[in-house]
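Nothing in this text is a laboratory measurement; each read-out follows from the coordinates by a stated rule. Keep in mind that this is a model prediction, so the values were computed, not measured. Note: ideal-geometry Cβ built from the backbone for every residue, glycine included; neighbour counts use all protein chains shown.
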Amino acid sequence: MKITTVESALFNPFFTSRMLHYALSGADKNAIKIELIFFILPLIYNPKILAKLASSSIRTKFSNILEGDTKNELVFIDDLIANYRSKTNTAIITLCNVINVGIDGFVKINKNEELSYANEKDSILKQYYKASYNLGSMLSKEDYKNIFLKII
């Protein structure tokens, strides 16, 4: 299998937009600061962080995710954000074509556009969706400046 085929499957715009949709569904008021939306894919695609997010709950704070060896996974977060920027932009555009998304200082969905990972039957997809949902909840609880400081 060619690397381009694998990359196309992993970063399918519908799948990545779905993860953003779940993150927005988990967020308070269904909105995430635009600067933080670019953290979602790099964090979700990291296996250690994904596992920690999927095993957490919406009551978990973002700083709890950064405990232990997970903090080491964020050493190159600025490079990861740069590498994922175009994939995130494509995911946002795809999501805007599927549902009504508002973009100003925040990326926001309407209350009636919320998703719940609870009904997902596929265990792998459910892990990704739950992790995205929980990450959205964590990112919306804190001031975005604090999150930047915690990651650095």
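Per residue, the Cα convex hull of the chain amounts to 116 Å³.
For the chain, modelled as a GNM whose springs connect Cα atoms under 10 angstrom apart, the maximal fluctuation among N134, N30, N46 occurs at N46.
For the pair N100 and K121, label points projected 7 Å from Cα toward Cβ lie 3.1 nm apart.
Straight-line reach from K111: taking Cα to Cα under 19 Å and skipping same-chain neighbours fewer than 8 places apart, the aspartates and glutamates in range are D28.
When each of L135, L50 is scored by the number of other beta-carbon atoms lying within 10 Å, the sequence from fewest to most is L50, L135.
Using the beta-carbon distance between K145 and F15 and R0 = 25 Å, what value does 1/(1 + (r/R0)^6) give for FRET efficiency, to the nearest 0.05? It would help to have the intermediate numbers written out before the result.
Details: r = 30 Å, r/R0 = 1.21.
Computed FRET efficiency for K145 and F15: 0.25.
Calculated mean residue ellipticity at 222 nm for the chain: -19000 deg cm²/dmol, from DSSP H runs with n ≥ 4 weighted as -39500 (n - 2.57), summed, divided by the residue count and rounded to 500. Restriction of the trypsin sites (Lys or Arg not before Pro) in the stretch 8-108 to DSSP coil positions whose beta-carbon has at most 10 other beta-carbons within 10 angstrom yields R59.
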